[in-house]
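Reviewing the structure listed below.
The values are calculated or read from the model by the stated rules, or taken from the named source; none is laboratory data. Not measured: the values here are computed from a predicted model. With ligands, DNA and RNA removed, areas are computed over all heavy atoms of the protein, side chains included. Shrake-Rupley method; radii C 1.70, N 1.55, O 1.52, S 1.80 Å.
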Amino acid sequence: MLHRISRALHNWRASVETAEQLSRLSDEQLRDIGLTRGEIPFVLRQLQTSAAKY
């Protein structure tokens, strides 16, 4: 159980860091990687869903 809590906290922190990094990118930089600013929440949800599987 402690392992699951630790993993959940790690995944949450990674999600926060990813959100911060993506938010710092300009619209042009986001476009270069195939994203728009409005897609950032979707990307984060996808990452969380993927992390939950492991």
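Observations on the structure shown:
- Accessible surface of the chain, 1.4 Å probe: 57 percent of it comes from carbon and sulfur atoms.
- Vicinal HN-Hα couplings computed from phi for segment 27-35 (Karplus, 6.51 cos²θ - 1.76 cosθ + 1.60; Hz; Gly/Pro x): 4, 5, 5, 4, 4, 4, 9, x, 10
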